[in-house]
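The values are calculated or read from the model by the stated rules, or taken from the named source; none is laboratory data. For clarity, every value in this text was computed on a predicted model and none was experimentally measured. All Cβ positions, glycine included, derive from the backbone under ideal geometry; neighbour counts span all protein chains shown. Heavy atoms of the whole protein, side chains included, go into the accessibility calculation; ligands, DNA and RNA do not. Shrake-Rupley method; radii C 1.70, N 1.55, O 1.52, S 1.80 Å.
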Amino acid sequence: MKKLGIMLMSFVLVFSLAACGGSAPAENAGGETTDSGGQKQVTLNMWLFTGTGLEPLVDQYMKENPHVKVNIQAQEYADHHNGLVTALAAGSGAPDISMVEIGYLDRFKAEENNFHNLANFGANDIMGNYLDWKVVQASSQDGSFIFGLPTDVGPMAMMYRTDIFEQAGLPTDPAALQEKIKTWEDFITVGKTVKEATGKPMVDSILSVFDVVKGQKNEHYFDSKGELIAGTNPEMKKAYDFAVRVAQEGLSANIAQWTPEWGAGMNNGDFAVMLSPAWMMGFMKGNAPDSAGKWNVIQMPEGSGNWGGSFLTLPKQGKNAEEAYKLISWLLSPEMQLENFKTNGNFPSTPSIYDSEEIQTFSDPFFSDAPVGKIYAEAAQKVVPVYYGPSYVIANTPITNALGEVQNNNADPEAMWKDAITQIERELRR
């Protein structure tokens with residue numbers, strides 16, 4: 001009887017709408033409506049985390065495709081991913097399109113049945129647009145399943161305060177300074193000179209140093225078969241030990257990232273360098289306005305590394321996969337990624353435009369008119385692919401917590417390392 005009542009109410013509602021002029025759109029189960037001319041009107045739900053810069057481009061797409069309406073939900077990074085985990089586990093509530101950051105991607109890859117294979121929509125025809133290492137990240141191990149299209153990438157460069165380096169008697173010209181900081185050992189040497197001459201530490205936190213050095217390695221906590229190697233991978237221990245050394249030399253300001261103090265530190269010159277992905281430029285301009293013109297940019301010692309970068313995926317719970325794919329393939333085309341870089345600083349994952357005049361000549365007065373487009377294009381092509389694994393966050397957290405204890409509480413580094421590895425192994429046995 002309850003079902004019958006619902007059916008009758010639905011019939012009455014549709015009949016009433018039809019009687020009131022006959023032109024009101026009728027909605028179907030797929031989130032589509034049909035207007036009086038018979039054109040299908042489609043509503044897409046899209047989940048992003050904040051700071052992507054995609055909203056204006058989505059608005060442009062809707063203007064060019066008036067039959068498409070996109071509802072965007074933007075949340076903070078952790079809330080966004082936790083929401084997707086919850087919806088997929090519940091079996092309902094996921095959107096047509098969801099952004100997934102690289103740190104979470106392998107976790108969702110383990111749930112292949114929850115996502116559309118973009119190869120079924122023709123993604124193989126456009127994957128050549130993207131960096132090879134991004135295609136590896138976006139695909140299953142055999143390449144047959146494409147989980148998402150790559151958004152931006154986070155190649156790393158070194159932002160340095162010219163006023164602090166000048167005070168320390170060091171070169172401020174990028175080419176001259178690059179000659180002095182070719183290796184991480186050089187980085188320590190220059191950092192000690194800065195500290196002795198100015199009293200200013202070199203970096204914001206040893207965690208940022210660890211992330212960059214780690215990011216230059218092609219294996220982190222898991223090998224390509226998914227086996228835990230955190231405690232046996234010498235490269236991870238080297239990255240950890242180097243970060244500890246930065247703390248022991250007094251070269252860290254001990255300022256936690258993403259805090260108000262961090263932005264203030266950039267603004268006031270509380271540390272000499274920022275180890276920054278391309279997308280950090282927008283954050284620096286927004287949070288350290290008084291430091292405009294006091295920064296310049298060089299390449300990172302010993303390579304680049306990558307911080308961040310995401311993918312747009314199509315959860316199977318969505319109702320309009322074909323229209324959703326049309327949107328994301330347009331949003332993440334080389335042309336649109338270039339627009340997002342120019343307006344939001346997100347560096348494109350599409351190397352075909354790296355040699356374009358718009359990238360090569362792109363500069364910013366905030367960074368002393370450094371050719372940041374050219375610098376980050378070179379850095380992006382140095383990045384090596386890394387297998388993160390579905391439990392990457394579980395493995396990374398104890399290590400970063402250990403470094404936090406070393407930095408903030410002068411804890412014994414070796415004891416903290418051993419405790420972190422033990423905790424990782426315990427967590428993964430659960």
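Of the residues Ile206, Ile229, Ile255, which is in contact with a strand residue (DSSP E or B) (Cβ under 8 Å, 6 or more places away or on another chain), open to solvent by 20 Å² or more (accessible area, probe 1.4 Å) and either modelled with pLDDT of 95 or more or aliphatic (A, V, I, L, M) (or both)? Explain how you work it out, then say what you get.
Values: Ile206 fails: open to solvent by 20 Å² or more (accessible area, probe 1.4 Å); Ile255 fails: in contact with a strand residue (DSSP E or B) (Cβ under 8 Å, 6 or more places away or on another chain).
Going through Ile206, Ile229, Ile255 in turn, just one is in contact with a strand residue (DSSP E or B) (Cβ under 8 Å, 6 or more places away or on another chain), open to solvent by 20 Å² or more (accessible area, probe 1.4 Å) and either modelled with pLDDT of 95 or more or aliphatic (A, V, I, L, M) (or both): Ile229.
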Requested in this report: Would you mind telling me which numbered condition in (1) at negative phi; (2) touching a helix residue (DSSP H, G or I) at 6+ places or on another chain (Cβ under 9 Å); (3) not in a helix (DSSP H, G or I) Gly226 fails?
Outcome: (1)
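For residues in region 45-59 being assigned to a loop (DSSP other than H, G, I, E, B) and open to solvent by 20 Å² or more (accessible area, probe 1.4 Å), which is nearest to Gln75 (Cα to Cα)? Break it down stepwise before answering.
We begin by selecting, within region 45-59, every residue assigned to a loop (DSSP other than H, G, I, E, B); these are 50-54.
If we keep only those that are open to solvent by 20 Å² or more (accessible area, probe 1.4 Å) as well, we get 50-51.
Details: Thr50: 6, Gly51: 9 Å.
Only one residue fits best here, namely Thr50.
Can Ser329 be described as surrounded by fewer than 21 Cβ atoms within 10 Å (Cβ to Cβ), modelled with pLDDT under 95, of a type in the set (Gly, Ala, Ser) and closer than 28 Å to Met99 by Cβ? Show your work before the answer.
Values: surrounded by fewer than 21 Cβ atoms within 10 Å (Cβ to Cβ): yes; modelled with pLDDT under 95: no; of a type in the set (Gly, Ala, Ser): yes; closer than 28 Å to Met99 by Cβ: yes.
No.
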**Report entry** Search result, residues across region 145-178 that are β-branched (Val, Ile, Thr) and either surrounded by fewer than 20 Cβ atoms within 10 Å (Cβ to Cβ) or farther than 22 Å from Asp211 by Cα (or both)
**Finding:** Ile146, Thr162, Ile164, Thr172
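From the list Leu131, Leu177, Leu149, which one is aliphatic (A, V, I, L, M) and under 16 Å from Trp307 (Cα atoms)?
Values: Leu177 fails: under 16 Å from Trp307 (Cα atoms); Leu149 fails: under 16 Å from Trp307 (Cα atoms).
Result of the check over Leu131, Leu177, Leu149: Leu131.
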Query raised in the report: Could you list, in sequence order, the residues of region 215-234 that are under 14 Å from Val386 (Cα atoms), out of contact with any His (no Cβ under 8 Å at 6 or more places or on another chain) and of a type outside the set (A, V, I, L, M, F, W, C)?
Result: Gly215, Gln216, Lys217, Asn218, Glu219, His220, Tyr221, Asp223, Ser224, Lys225, Gly226, Glu227
**Report entry** Listing of helices (runs of 4 or more DSSP H) fully contained in region 345-430 that carry 2 or more residues being aliphatic (A, V, I, L, M)
**Finding:** 372-380, 392-409, 413-429
Query raised in the report: Which pairs have Cβ atoms under 6 Å, sit 6 or more apart or on different chains, and link a residue in region 99-117 that is among the acidic types (Asp, Glu) to one that is outside any loop (DSSP other than H, G, I, E, B) and open to solvent by less than 30 Å² (accessible area, probe 1.4 Å)?
Result: Glu101/Ser310
**Report entry** Matching option when the condition is in contact (Cβ under 8 Å) with a residue 40 or more places away in the chain and open to solvent by 20 Å² or more (accessible area, probe 1.4 Å), among Asp142, Asp125, Asp132
**Finding:** Asp132
Query raised in the report: Could you count how many residues in region 179-191 are open to solvent by less than 50 Å² (accessible area, probe 1.4 Å) and part of a helix (DSSP H, G or I)?
Result: 6
Query raised in the report: Can we say Val194 is at pLDDT 95 or above and either assigned to a strand (DSSP E or B) or under 23 Å from the mean Cα position of the chain (by Cα) (or both)?
Result: no
Query raised in the report: Being touching a Lys or Arg at 6+ places or on another chain (Cβ under 9 Å), open to solvent by 10 Å² or more (accessible area, probe 1.4 Å) and without any contact (Cβ under 8 Å) to a residue 24 or more places away in the chain, is that true of even one residue in region 336-358?
Result: yes
Report summary line: Filtering region 296-330 down to residues that are in contact with a Lys or Arg (Cβ under 7 Å, 6 or more places away or on another chain) and part of a helix (DSSP H, G or I) yields none
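Please specify each residue of region 304-325 satisfying the condition of being among the polar types (S, T, N, Q) and either more than 19 Å from the chain's Cα centre (by Cα) or within 16 Å of Phe115 (Cα to Cα) (or both). Can you show your working first?
Residues of region 304-325 that are among the polar types (S, T, N, Q), as a first pass: 304, 306, 310, 313, 317, 320.
Matches in region 304-325: Ser310, Thr313, Gln317, Asn320.
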